[in-house]
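This is the structure I want to talk about, given as structure tokens.
Every number in this text was worked out from the coordinates using simple rules, so none of it is lab data. Every value quoted in this text rests on a predicted model; they were computed, and no experiment measured them. Cβ placement follows ideal geometry from the backbone for every residue including glycine, while neighbour counts extend to all protein chains displayed.
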Amino acid sequence: MKLHLPKLLRSALLAVIGMSTITLSCAEESTPSPSQTPATLVDGGVWDGEDVNYSWNSASTTGRKQGVALYLYGKTLTITNGSVYFDNNSYTPSGTNGYVEGTAVNVNGEMILNNNSIVSFSQNQMSGDTKKTVSGGALYVHGNTFITENDTVAFSKNSIDTGNTYGVKAYGGAVYVAGSYSEFKISDNTTVDCSGNSITTKSSNSSGYHRGAFLYASGNNHVEFSGNTERLSITGNYVEGKVGINGGAIYVDIDDSLKTEIVPQFSITGNGKVEISDNYADSLNAYSVTGGAIHVAGTSAKPHTPVFQISGNTSVEVLNNAARGSSAKGGALYVDSMELRIQGNGSVLFEGNYEKSRDVYCMRGIYMVSNVGAHTQAAEYSSDTALTLSAGEGESIEMRDGIYLAVDTSVKFNADYGDAAQTGDIIFTGEYTEANLNKVIAANTAAGETARTATEEEIANSRTFAFQHDLSRSNVGQSNSQIPKLKDGVLATLEGGRLIVEEGAHYVGMGFEAVGGSESTLRLKNADFEHHFTRAGSYPCTFYYDVTFGDTTTLEAEGVNTMTAGNLTMKDGSAMTYVVGSENKTEAVLSYIGGSQTTVSRVDENGKEVWTVTDAESTLTQEGALTIWVKDAEELKTGQRYALLTTSDNVTLTWDAANITVKG
């Protein structure tokens with residue numbers, strides 16, 4: 001608990017230093033005082049060292065309603081060094097033609113809640129028929145919001161139910177924040193709990209948008225959850241409706257139309273444990289849905305690309321979120337026209353997040369689209385980064401759910417985080433897919449669906465990690481000059497540590513480079529690594545994208561793997577390593593599938609080919625050394641040849657056993 005000055009001593013000190021306050025409550029107890037009388041403040045207000053409790057207020061009107069408990073217009077509301085309770089307030093409209101803005105509190109100005117023992121907005125509710133937009137089931141702020149340095153912050157079980165009226169829009173089941181270029185910060189608190197908030201409707205004909213059961217922020221240029229030292233929990237929030245269902249917990253629309261040097265962003269940074277779990281967005285099979293937990297969108301206006309950043313947290317768990325509708329995108333995160341950075345955290349895990357499009361399931365945690373790059377006739381794109389996944393030394397980002405990315409810019413794995421090199425593991429795994437799919441289907445079966453297990457197609461789609469350009473434009477596929485490509489090279493780069501694709505995972509990309517000097521490793525274990533674009537229509541063809549390994553980098557394979565790409569280049573100083581397990585010491589296969597003009601080559605530091613394979617008749621003995629890792633080392637006979645890489649044209653690269661090093 002925070003220590004607060006006794007009121008008499010505080011008053012004396014304020015008199016000495018010439019400060020004044022507007023005292024609106026004089027509760028002496030550390031426990032909540034009885035609920036205070038609803039108030040309208042026109043000149044702002046300051047509580048310092050008081051227990052503020054505006055709870056159990058209710059209203060029912062047919063006109064516009066702005067805060068059942070507290071309404072402040074045009075100035076600043078500050079509550080500090082005490083406790084804050086805005087709980088169990090309710091508003092019941094009756095066919096109202098007026099807007100509802102903040103069931104409990106409406107602040108048309110700035111709000112500061114600082115250094116309190118508790119800040120609680122809980123179980124506030126708006127329910128009933130209304131004909132206008134409802135914004136903020138607990139709190140509505142038009143201006144800057146700073147909730148900082150409190151012991152406990154809770155936004156829990158606040159709700160909006162829009163009743164039976166057709167076409168009502170509902171934004172922010174707990175919090176609505178508006179105002180051009182305003183800031184919203186929940187920072188430097190001990191624990192933050194945002195749970196069980198909801199937006200629902202009873203109308204089967206509802207056509208209004210329902211967005212953000214916990215938070216709706218629009219027109220802002222900065223939304224931040226940072227430095228909350230123990231825990232940030234965003235759990236169990238949900239939105240149900242019919243049309244325009246976006247963001248089961250959070251909907252953020254970042255505005256970058258202001259020409260400043262400040263990069264607009266939505267950030268979850270520097271917290272302790274971060275939990276984003278069990279949130280969902282559901283259109284009841286009627287229409288499209290985006291973002292089971294979070295929907296975040298930015299403008300493509302210059303000078304900046306808005307950023308969604310999850311970084312520097314002790315740990316991050318994104319679990320069991322869902323998007324359900326006729327077309328669902330983003331079981332956990334839906335990102336539109338923003339750069340996404342997940343970097344510099346402790347352990348990060350995505351698991352159990354899914355999309356349900358009518359009766360078809362897909363385990364998918366992240367869905368990204370972008371309008372940031374230039375949609376030119378030649379389908380070329382800027383080299384700005386769309387997605388960065390980086391894990392520090394000894395840490396990992398493990399994706400047990402698939403990813404879909406269709407952007408105009410590039411992808412970076414283990415790019416530096418600030419000045420720190422990122423040498424951890426980025427893991428795309430299909431090991432848990434089938435079990436998680438069947439668990440999800442069984443849960444929906446209990447809710448009334450026909451019992452079944454996951455189909456092969458559902459399993460395959462859920463194991464797909466797709467990093468591609470936006471191929472939706474109509475001009476793509478009209479001529480050979482319009483093959484999608486990047487101005488400055490491949491789409492994805494590995495800049496340190498390991499990228500692990502394993503256990504049935506299917507990586508689908510458009511070019512890959514392990515950057516020279518990074519000492520990075522691409523590890524394939526019973527997986528597919530595919531880089532090509534197939535075009536139908538009047539000019540059908542398949543275009544293969546190149547895969548390159550720079551000096552000090554490694555291509556490592558275990559089990560049975562397939563690589564589909566254009567030219568595979570192993571630059572001087574790179575290595576191919578085959579890991580042979582104890583259960584099957586002979587099985588370490590990488591089948592390489594390329595087009596008719598594909599080359600598999602090794603080049604020296606000057607770019608000169610050391611060797612190359614370009615036709616189906618070639619058999620090559622590599623004179624360099626190859627390392628095979630085994631769990632139980634066994635003798636390899638000198639002179640025996642081992643086929644380690646094959647192509648679809650039966651081109652085989654082999655190494656003499658004399659040049660093979662075996663390590664246990």
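Assuming 0.36 nm per residue, please report the length gained on full extension of the stretch S58 to D151 beyond their Cα-Cα distance.
Length difference between fully extended and current span is 30.7 nm.
Work out the FRET efficiency for V360 and T40 from their Cβ-Cβ distance, taking R0 = 41 Å, and round it to the nearest 0.05.
0.20
On to the next question. Out of residues 5 or more away from E183 or on other chains, whose amide H comes under 5 Å of its own, with H placed 1.01 Å from N in the peptide plane?
Under 5 Å from the amide H of E183: N144, T145.
Got a sec to turn the phi values of the stretch 40-50 into Karplus ³J(HN,Hα) couplings, 6.51 cos²θ - 1.76 cosθ + 1.60 with θ = phi - 60°, whole Hz, x for Gly and Pro?
With coefficients 6.51, -1.76 and 1.60, one gets 10, 10, 10, 10, x, x, 9, 10, 9, x, 10 Hz.
Skipping prolines and chain starts, which residues have an amide H placed within reach, meaning under 5 Å, of the one on N567, given they are 5 or more residues away or on another chain?
It is D546, V547, T599, by chain and number.
Here's another thing I want to ask about it. Can you work out the FRET efficiency for the pair A420 and T76, with r the C-beta to C-beta distance and R0 = 45 Å, to the nearest 0.05?
E(calc), rounded to 0.05, equals 0.70.
Any chance you could run the full-extension gain for E393 through T190? It's 0.36 nm times the residue separation minus the Cα-Cα distance, nm to one decimal.
Value of the extension gain: 70.4 nm.
Ok, one more. With θ taken as phi - 60° and the coefficients 6.51, -1.76 and 1.60, list the Karplus ³J(HN,Hα) couplings across the stretch 411-427 in order, rounded to whole Hz; mark glycine and proline as x.
10, 10, 10, 6, 5, 4, 10, x, 8, 9, 5, 10, 10, x, 10, 9, 10
Sorting check: for 449-457, 167-175, which peptide has the highest mean count of neighbouring beta carbons within 10 Å, and how do the rest follow?
Result, highest mean first: 167-175, 449-457.
Give me the one-decimal nm value for the distance between modelled label points at S288 and A446, 7 Å along each residue's Cα-to-Cβ direction.
Spacing of the two 7 Å Cα→Cβ label points: 3.2 nm.
Give me the one-decimal nm value for the distance between modelled label points at K439 and A460, 7 Å along each residue's Cα-to-Cβ direction.
Those two pseudo-labels are separated by 2.5 nm.
Using a basic spin-label model with each label point 7 Å from the Cα along Cα→Cβ, how many nm lie between S326 and A406?
Result: 1.8 nm between the two label points.
In whole Hz and in residue order, list the ³J(HN,Hα) couplings for the stretch 323-338 that follow from phi through the Karplus curve 6.51 cos²θ - 1.76 cosθ + 1.60, θ = phi - 60°; x for Gly and Pro.
For the stretch 323-338, the Karplus-derived couplings read 10, 10, x, 5, 9, 10, 9, x, x, 10, 10, 10, 10, 10, 6, 9 Hz, x marking Gly and Pro.
Moving on. Which order do the peptides 551-557, 39-45 come out in when sorted by mean C-beta neighbours inside 10 angstrom, highest first?
551-557, 39-45
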